[in-house]
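Working notes, structure below.
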Amino acid sequence: MTDAREGAPDALLKRRRAGLLLHPTSLPGGGLGPDAYRFVEFMAAAGQTVWQTLPLGPTHNDRSPYQCLSVFAGRHALISLEGLAAAGWLEAAPEDEARDDLDRRDQLIAEACKRFSDRASPQERHAYDEFRQHNCYWLDDYSLYQALRIEHDRSSWLEWPAALRDRQAKALDKARQRLAPVIERTCFTQFVFHRQWLELKRYANEHGVLLFGDLPIFVAHDSAEVWARRHYFTLDDHGRALTVAGVPPDYFSATGQYWGNPHYRWDRMQQNGFEWWRRRIEHQLELFDLVRIDHFRGFEAYWEIPAGAETAMEGRWVNAPGDALFTALQASIDPLPLVAEDLGVITAEVDQLRHKFGFPGMKVLQFAFDGGSANPYLPHNHEPDYVVYTGTHDNNTTVGWFNGLKPKDREHVQAYLGYPGEDMPWPLIRAAYESVARLAMVPMQDVLALGDEHRMNVPGVTEGNWGWGFHWQQVPEDLAGRLHALSATYGRTPGQ
């Protein structure tokens, strides 16, 4: 086994690498159990040294990892019940473990919490106490928020009684006493999640695989962070949003995208040196070797939409203090191992901000074939300081994308790629590997050559997303060898 870190995290893009994009919910087991370790082993055999995930936070009912109940907490549905049993906190993991049976999972985690309380060793109790102390900045608020949310039938904090909504001290003190067992269980759940994730990270690093996370720029309105730190967000006295985030008309939507996240009050964040952002980035870097910041252009200027507008077209651009933010972050976190998601219409000012702090950008090959030879996503226009993708979680699969093109557009793609003899998606994967971009990332759906029914997300569509998963029976026996050979051909395997 090799150590992927090599002085990481800054070493990640000092040489050519290849990796796979797969959220843990898409694993056969749906979380951090044996299939996650098997996937690491598959990646190592395939010469892949970077595993990229989507955000890991607890989701709302729509399951979107970009609208989480907390930007610090881990998604309890990912917890491995086998891991709880191996730790001695469950008698045995159920054979019929179903990743979508959240009520059953909650019941088992509650049993594990009770067993831990009764039987934990002094070393385990010390580790738990250390975890709570180390993470108190967010965990105290999150555990109370979750307990209150459960007490109020999982309704938004905006709908709670005013005393709780507005965090009046006496009401919160009474809630902490009344809900102490639920708060304790939430803290234990987060302890287990982080412990299991860090064990997986250690295993991945030992097998030469780095973990690549994803950090949404904005925070869900119904989240622990907005409830606990309302002064950082554009809210009125009742907690309702005044302005919300989104983007103007783009590739994905003719009327733009109305995300609904409250905007930041950047002036207030800057008053204490962007402490909230520093803690958020530091927490992510405990979990990952490298982190992608979603919607990077929002740090230079963001699209501000009046709350309640019918579409995102009613918004306007407002300048953001990205330069001051990243200067402050770099003063305490150096290097800053971040990748800028700089897709869409990017201005010279956004490029200047990215270059000033040395953040790699992104190139998506499915965007490359509109327009002429100057299209910046075409491989011949790439530069080393980029991450190249065949597609992302928001794109169709490459097979689905290619099959959906008009005949003349398919001909154009084939001509650019040299009329390859391989079937899609392999010509596009090869083009990504050929690119001078130091890191090439391919969604798992593409290496499995799956069609459009297997895409992860359709932006702007609220139903039917985030549920895709694969089975080991779908993985050809020769796939690891094929990926390894392709990675080696283009200098992307370990040691090259």
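Coordinate-derived values only; no laboratory data. It should be emphasised that the depicted structure is a prediction, and the values quoted were computed from it without experimental measurement. With ideal geometry, Cβ positions are generated from the backbone for all residues, glycine too; neighbour counts draw on all protein chains shown.
Just a few scattered comments:
- Region 89-227 - charge dipole about Cα centre, Lys and Arg +1 at Cβ, Asp and Glu -1, debye rounded to 20: 520 debye
- Quotient of the Cα radius of gyration of region 183-226 and 2.2 N^0.38 Å, N being its number of residues: 1.55.
- Structural descriptor for region 88-242: relative contact order 25 percent, calculated from alpha carbon pairs under 8 angstrom and at least 6 residues apart.
- Average Cα contact separation per residue, the chain, under 8 Å, 6 or more apart, as relative contact order %: 20 percent
- Gyration tensor verdict on region 141-259 (Cα atoms; rounded if a/c is under 1.5, prolate if a/b is larger than b/c, oblate otherwise): oblate
- Packing-based ranking of 386-394, 468-476 yields 386-394, 468-476, ordered from highest to lowest mean Cβ neighbour count within 10 Å.
- Options 71, 439, 168, ranked by Cα towards positive dipole end of region 17-489, top entry (Cβ charges): 168
- Cα centroid separation, region 31-71 to region 278-308 (Å): 18 Å
- Ellipticity estimate at 222 nm from DSSP helix runs (n ≥ 4, -39,500 (n - 2.57)) divided over the chain, nearest 500: -11500 deg cm²/dmol
- Residue order, fewest to most surrounding Cβ atoms within 10 angstrom, among 304, 310: 310, 304
- Computed Rg/Rh of region 291-361, alpha carbon atoms with Kirkwood Rh: 1.03
- Per-residue Cβ neighbour rank within 10 angstrom, fewest leading, 332, 70: 332, 70
- Inter-label distance for residue 406 and residue 271, nm, one decimal - labels placed 7 Å from Cα along Cα-to-Cβ: 5.5 nm
- Compactness index (Cα Rg / 2.2 N^0.38 Å), region 367-432: 1.07
- Taking Cα centre as origin and charging only the Cβ of basic (Lys, Arg, +1) and acidic (Asp, Glu, -1) residues, the dipole magnitude of the chain rounds to 780 debye.
- Dmax and Rg, reported as Rg then Dmax, of region 100-147 (C-alpha, Å): 12.8, 34
- Spatial extent of the chain: Rg and Dmax, with the Cα atoms as the point set, Å: 22.7, 71
- For region 264-355, with +1 on Lys and Arg beta carbons and -1 on Asp and Glu, the positive-most of 350, 273, 293 along the dipole: 273
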